[in-house]
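One structure below.
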Amino acid sequence: MDGAVAQTQRNFADGIAVLEEHLTAALQLLVVDILFGRLVHRVLEQQLQSGPGQREVLADLRDGEGVVDVVVDIGDDAVEQFVHGALVGRAAGGGHGGGVGALEQPDALGGQMGLVTDETAIQFRILNRSKGPAMWSPRAQCDRAKFIWSWRERLENTPNLHIWQDTVCELLVENGEVTGLVTVWGVTFKAKCIVLTAGTFLNGLMHVGRHQLPGGRMAEPASYQLTESIARHGITYGRMKTGTPVRIDARSVHFDQMETQDGECDFHKFSFMNTSTRHLKQLQCWTCYTNEEVHRILRDGLPDSPLFNGQIQSIGPRYCPSIETKIVTFPDKDQHQLFLEPEGETTQELYLNGFSSSLPMDIQIAALKKIPAFKDLVIYRPGYAIEYDYFDPTQLKHTLESKVIKNLFFAGQVNGTTGYEEAGGQGAIAGINAHINCHGGEEFTLARDEAYIGVLIDDLVTKGVDEPYRMFTSRAEYRILLRMDDADMRLTERAYKLGLAKEDRYRLMKSKKEAVEQIISFARNYSMKPALINDALEKIGTTPLRQGCKLIEILNRPQVTIENIAEHVPAFQRELEKATSANQDRKEEILEAAEILIKYQGYIDRERMIAEKLARLESIKIKGKFDYSSIQSLSTEARQKLTKIDPETIAQASRIPGVSPSDINVLLVLSGR
């Protein structure tokens, strides 16, 4: 869970910097990040200079005052803890890859998170290979120090980004609109928009056994007064809990008692930009398992567990439970898998994924020593839990602007999510729309059939949260449309029109799209004769043809791939070379994208048709049109929920828990439909 703490704010940059890159003269925007070195994340989007319609804004930014990012600490010690090995996951699927934060989406929108991840990765894998491409889950382990300093170099050299080290204690609001903030040092900032990305630092309280210590993360102070300042204006808040595992000294580990888990060195990476695949030495991870003796010691320590003795009242993440929660929830399971992950190329510090815990330190150590690989265990620090404040996300618009306070935006764990990708996606949308509020333009949102970011935000603002929210593929009804391979096709053109994606990124997307279309067009029109292809089909292990057909029909067979059929069809081989001649470095990426579209086109078309039908309900705007409390034909629960959420459209109303199909029919009738 350290990734959910440390990397959360890092990923905000992939959007929070979006706004920073587009601000003109005068201080119009404040990014309030209550975390230490979040400075190292704030301006990732600054390179978005080449988008049409934005060049003038950016020219003004270079000459003007720009943005202030308020951070707590920028020292080396803070930077040291900036990331827990910079774990990055793009899609869900279990294991230690995290949830669907979909880093390819901020990248496709013009962000730099994918670029920095690729630059500093020490292991890359794609999870869920046995499933279809809608479930593939790219995961990178990065060198923590290199990741941090790569960001810092980019941020500190961003024109007109100003960083102020301080702690915010009060929000300034006039006539329902944010006007600025005050820090603990008595400094007042005036601003048109403010984006709050405070992570786990608002009234943060850490737990190790019965020991409690205020803080937003180990050795870093919590932020006080800001929650109360915001709540005074009618914004409701609650408490949540997350945790992080023990850090282990590699010199004490018996690696021969563990299974190795190697990375992959194929063409896959996070960014769609044309960069080299692996920059650093690729390292192993390791796996091992708990056992009955481990569980016995953990159970004996439960009376001192903050999670079970009443010390912690808030709710933790269901899908990243602590080790003590696992043994209580699954009492019949005699082992749980653990993943040991390096934090860098040269450091001895290792992260034990799967062993998040807030048990007393001696219990954690004693239990781990019952695992053969850790019999001589030495640790850097124990695992711990942390409680923190979050704000009810149903009080937000889909732009992540507050419905209560105009021009105040929230992103990340302050919205009740957990996970760095989730935070990055929110940061992108909050940043873009804060810029729009400063300079004018139509609000920018992503639909549920456009991006996992769209699913995430719609879930937050429509359903709210009663536990830390993680994005999983199972939450999306249009998974086949949200595949990792075509995020650039879905989002880069929108980002380019908005001014986020630069010209070079846009050209790469267009050339890839043209190459894929060329390959599919050839396959759709090229005829195959049985006499010329049957021998090859039998070698591949598929049924020979009885009559002629188009090449695309053969490619639809599960045993057939573009690669294994092309060597038997010279014309197709020539067409592939022709289509990818301008993109030789991206040839494998293009062929994979083409093959996925060929094999899954029927499913894609069907899902697109369903999405378009439901989109009709999205076009029926109802916000502010009804006094739901007075519509007696609605159920009592529907009246309450609709009044609270005040949905933008009929479609959003239909997704609110407690609003039935009959309630939707009532609204359709009242809307004249």
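The values are calculated or read from the model by the stated rules, or taken from the named source; none is laboratory data. Since we're looking at a predicted model, the values are computed, not measured. Neighbour counts run over all protein chains shown; Cβ positions are idealised from the backbone, glycine included. To get the accessible areas, we keep the full protein, side chains included, count just its heavy atoms, and leave off ligands, DNA and RNA. Shrake-Rupley method; radii C 1.70, N 1.55, O 1.52, S 1.80 Å.
Residue by residue through region 417-440, note down the ones that are surrounded by fewer than 24 Cβ atoms within 10 Å (Cβ to Cβ) and outside any helix (DSSP H, G or I).
Hit for region 417-440 is GLY440, nothing else.
I'd like the full set of residues that are farther than 15 Å from GLN225 by Cα and in contact with an Asp or Glu (Cβ under 8 Å, 6 or more places away or on another chain), limited to region 158-186.
Hits for region 158-186 are THR158, ASN160, LEU161, HIS162, ILE163, TRP164, GLN165.
Criterion first (modelled with pLDDT under 95 and closer than 30 Å to VAL253 by Cα) does GLY440 satisfy it?
So GLY440 does not fit the description; no.
Out of ARG655, ARG616, ARG639, I need the residue that is over 27 Å from the mean Cα position of the chain (by Cα), surrounded by 14 or more Cβ atoms within 10 Å (Cβ to Cβ) and more than 28 Å from ASN274 (Cβ to Cβ). Which one?
Sole residue among the options that is over 27 Å from the mean Cα position of the chain (by Cα), surrounded by 14 or more Cβ atoms within 10 Å (Cβ to Cβ) and more than 28 Å from ASN274 (Cβ to Cβ): ARG639.
Touching a strand residue (DSSP E or B) at 6+ places or on another chain (Cβ under 7 Å), of a type in the set (A, V, I, L, M, F, W, C), open to solvent by less than 10 Å² (accessible area, probe 1.4 Å) and over 16 Å from LEU446 (Cα atoms): does that describe ILE554?
yes
Go through SER322, SER305, SER314, SER271 for me and flag whichever is farther than 30 Å from TYR237 by Cβ, in contact (Cβ under 8 Å) with a residue 12 or more places away in the chain and hydroxyl-bearing (Ser, Thr, Tyr). Talk me through it step by step, then tell me what you get.
Numbers: SER322 fails: farther than 30 Å from TYR237 by Cβ; SER305 fails: farther than 30 Å from TYR237 by Cβ; SER314 fails: farther than 30 Å from TYR237 by Cβ.
Every option except SER271 fails the conditions.
Find the residue count for region 230-253, including only residues that are farther than 30 Å from ASN203 by Cα and in a strand (DSSP E or B).
Within region 230-253, residues that are farther than 30 Å from ASN203 by Cα and in a strand (DSSP E or B) number 1.
Considering only residues that are in contact with a strand residue (DSSP E or B) (Cβ under 6 Å, 6 or more places away or on another chain) and either of a type in the set (Lys, Arg) or open to solvent by less than 10 Å² (accessible area, probe 1.4 Å) (or both), look in region 385-395 and name the one that is nearest to VAL178 (Cα to Cα).
Here the answer is PHE391.
What about GLU648, is it open to solvent by less than 70 Å² (accessible area, probe 1.4 Å), charged (D, E, K, R), in contact with a Leu (Cβ under 7 Å, 6 or more places away or on another chain) and touching a residue at least 60 places away in the same chain (Cβ under 8 Å)?
Answer is no for this residue.
For residues in region 112-148 being under 19 Å from ALA593 (Cβ atoms) and small (Gly, Ala, Ser), which is surrounded by the most Cβ atoms within 10 Å (Cβ to Cβ)?
GLY114
Please determine, by comparing only the residues of region 142-165 that are of a type in the set (S, T, N, Q) and touching a strand residue (DSSP E or B) at 6+ places or on another chain (Cβ under 8 Å), which one is nearest to LEU115 (Cα to Cα).
Taking the candidates together, the pick is ASN160.
Of the residues that make up region 375-394, is at least one touching a residue at least 40 places away in the same chain (Cβ under 8 Å), part of a helix (DSSP H, G or I) and within 24 Å of LYS241 (Cβ to Cβ)?
Yes, that holds for at least one residue.
Kindly check whether there is at least one residue in region 600-611 that is part of a helix (DSSP H, G or I), acidic (Asp, Glu) and farther than 29 Å from ASN274 by Cβ. Please lay out each step first, then the result.
Of region 600-611, the ones part of a helix (DSSP H, G or I) are 600-611.
Pick out the ones that are also acidic (Asp, Glu) and you get 605, 607.
Those left that are additionally farther than 29 Å from ASN274 by Cβ: 605, 607.
Yes.
Suppose we filter ALA495, ALA515, ALA501, ALA523 for residues that are within 22 Å of ALA615 (Cα to Cα) and either open to solvent by less than 10 Å² (accessible area, probe 1.4 Å) or of a type in the set (Gly, Ala, Ser) (or both); which single one remains?
Just one listed residue meets the conditions, ALA495.
Being surrounded by 15 or more Cβ atoms within 10 Å (Cβ to Cβ) and in a helix (DSSP H, G or I) is the filter here, so list the residues in region 526-539 that pass it.
ILE533, ASN534, ALA536, LEU537
Mind checking which strands (runs of 3 or more DSSP E) fall wholly inside region 254-359 and carry at least 2 residues that are under 21 Å from THR418 (Cα atoms), open to solvent by 70 Å² or more (accessible area, probe 1.4 Å) and modelled with pLDDT of 95 or more?
By residue number, no strands (runs of 3 or more DSSP E) qualify.
Considering each of THR242, THR183 in turn, give the residue that is buried (at least 16 other Cβ atoms within 10 Å of the Cβ), out of contact with any Gly (no Cβ under 9 Å at 6 or more places or on another chain) and either among the hydroxyl-bearing types (Ser, Thr, Tyr) or modelled with pLDDT under 95 (or both).
THR183
Given GLY101, GLY97, GLY85, which one is modelled with pLDDT under 85, within 19 Å of GLY424 (Cα to Cα) and either in contact with a Leu (Cβ under 6 Å, 6 or more places away or on another chain) or assigned to a helix (DSSP H, G or I) (or both)? Break it down into steps so the answer makes sense when it comes.
Numbers: GLY101 fails: either in contact with a Leu (Cβ under 6 Å, 6 or more places away or on another chain) or assigned to a helix (DSSP H, G or I) (or both); GLY85 fails: either in contact with a Leu (Cβ under 6 Å, 6 or more places away or on another chain) or assigned to a helix (DSSP H, G or I) (or both).
After applying the criteria, what remains is GLY97.
Has region 621-631 got any residue that is of a type in the set (Gly, Ala, Ser) and either touching a residue at least 60 places away in the same chain (Cβ under 8 Å) or over 24 Å from VAL404 (Cβ atoms) (or both)?
The answer is no, given that none of the residues of region 621-631 is of a type in the set (Gly, Ala, Ser) and either touching a residue at least 60 places away in the same chain (Cβ under 8 Å) or over 24 Å from VAL404 (Cβ atoms) (or both).
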